[in-house]
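Q: Here it is, the structure in full.
The values are calculated or read from the model by the stated rules, or taken from the named source; none is laboratory data. Computed from a predicted structure; not experimentally measured. So basically every Cβ, Gly included, is an ideal-geometry build from the backbone, and we count neighbours across all protein chains shown. Accessible surface is based on the protein model in full, side chains and every heavy atom, while ligands, DNA and RNA are left aside. Shrake-Rupley method; radii C 1.70, N 1.55, O 1.52, S 1.80 Å.
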Amino acid sequence: MPEPRGTHEHNYTCEEVVELATEYVEGAMGPEETTLFEFHLNFCDGCETFVDQIRASAGAAGRLGAEDVPADVRERLLEAFREWRRS
Amino acid sequence: MESRVHADETTLVARLRDGDEEAFAEVVEALYPAMIAVARGYVRTRALAEDVVQEAWLGVLRGLDRFEGRSSFRTWALTIVANIARTRAVREARSVPFSAFEPDAGGPSVEPERFRGPDDPYPGHWRSYPTDWRTLPEGKLLSDETLAVVRAAIGDLPDAQRAVITLRDVTGCSSEEVCAALGLTEGNQRVLLHRARAKVRARLEEHLDA
């Protein structure tokens, strides 16, 4: 079982850190909270890994690729475009 | 794809106004996933969302002469989708209630059992650390198999969370665009995004640790 490595880690518990991960990653955290949060990450490999996993999850979602427009939808839209062009 | 549309926006709008069908086909391809995601935030079924998006494109074409470029073309188009979807949601019995965008209490991002209890000398700290994905074999995280897990996890999310993560992480919209299109505050948008990412993370962990 990993032992917490320093007193700074105790500003936030790991259980709190995991709920703040997106706020941190998004840069939406205030400067004081950011300092405390980063102190925790510096001392806690588990939370540092968790924040990386949140980033990686967002990154993987970004690799899903655009879904294709269904052929029938595409046809109807192009037809609507031609009609609009004629009007 | 979105960034290309964004970069050449003035040209794009001019080409559309000129009746350039190729330009129209391109922009439909580029914006379709984001438009569907916005519509799905309001209406229950995929079919209804496709209807909304088609109607929105008619609105885009009709409004093209009034588009002044104060917002990006995408933001403007997504707002049109949202307005139509909202109207439709009021009409349809099976629509998503507006409260779907109010983040409820929701569960924790990580199962509470993963943390030490109140009687432990270090309450609220990990019992055992999550696995470091940076040590995975190259390509494992972005393999087709792993991405299928991500896609399934997003598909299983509640409507509002799915709409937000699709717009932010899959199609690359900014938080401002998402807040405008879905009528969310910045804070609520972030809560929904966090819940969604946390669930995708948990599914990935389950898959990668197996």
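Q: Return the total of residues in the stretch A:53-73 being part of a helix (DSSP H, G or I) and either more than 7 Å from chain B (Cβ to nearest Cβ) or touching a strand residue (DSSP E or B) at 6+ places or on another chain (Cβ under 8 Å) (or both).
A: The total comes to 4.
Q: A further question follows. Go through the stretch B:24-64 and give me each residue that's within 7 Å of chain A (Cβ to nearest Cβ) and free of Cβ contacts under 8 Å to residues at least 60 places away in the same chain.
A: Correct list: B:Phe24, B:Ala25, B:Val28, B:Glu29, B:Tyr32, B:Glu50, B:Gln54, B:Trp57, B:Leu58, B:Leu61.
Q: Taking the conditions exactly as written (within 21 Å of B:Val191 (Cα to Cα), out of contact with any Leu (no Cβ under 7 Å at 6 or more places or on another chain) and part of a loop (DSSP other than H, G, I, E, B)), does B:Gly117 satisfy them or not?
A: no
Q: Could you identify the single residue in B:Asp169, B:Asp159 that is modelled with pLDDT of 95 or more, outside the structural domain of B:Val43 (by TED's automatic domain parsing) and within 18 Å of B:Ala34 (Cα to Cα)?
A: Selected residue: B:Asp169, the only one of B:Asp169, B:Asp159 that is modelled with pLDDT of 95 or more, outside the structural domain of B:Val43 (by TED's automatic domain parsing) and within 18 Å of B:Ala34 (Cα to Cα).
Q: What's the total number of residues in the stretch B:162-189 that are surrounded by 22 or more Cβ atoms within 10 Å (Cβ to Cβ), within 12 Å of chain A (Cβ to nearest Cβ) and not in a loop (DSSP other than H, G, I, E, B)?
A: Of the residues in that region, 9 qualify.
Q: Of the numbered conditions (1) more than 17 Å from A:Asn11 (Cβ to Cβ); (2) at the interface with chain B (Cβ under 9 Å from one of its Cβ atoms); (3) assigned to a helix (DSSP H, G or I), A:Phe50 satisfies every one except a single condition; which is it?
A: Of (1) more than 17 Å from A:Asn11 (Cβ to Cβ); (2) at the interface with chain B (Cβ under 9 Å from one of its Cβ atoms); (3) assigned to a helix (DSSP H, G or I), only one is false for A:Phe50: (1).
Q: I would also like to ask the following. Report yes if some residue within the stretch B:141-150 is touching a residue at least 12 places away in the same chain (Cβ under 8 Å) and either small (Gly, Ala, Ser) or closer than 18 Å to A:Tyr24 by Cα (or both); otherwise report no.
A: no
Q: Check off (1) at pLDDT 85 or above; (2) within 25 Å of B:Thr185 (Cβ to Cβ) for B:Arg46 and give me the number that stays unchecked.
A: (2)
Q: Then there's this: Name every residue in the stretch A:10-20 that is facing another protein chain (nearest Cβ under 7 Å), closer than 14 Å to A:Arg55 by Cα and open to solvent by less than 50 Å² (accessible area, probe 1.4 Å), in order of residue number.
A: Result: A:Val18, single match.
Q: State all residues of the stretch B:105-139 that are facing chain A (nearest Cβ under 7 Å) and polar (S, T, N, Q); if no residue qualifies, say none.
A: B:Ser109, B:Ser128
Q: With respect to the numbered conditions (1) buried (at least 16 other Cβ atoms within 10 Å of the Cβ); (2) not in a helix (DSSP H, G or I), which one is the sole condition not fulfilled by B:Leu78?
A: Result: B:Leu78 passes all but (2).
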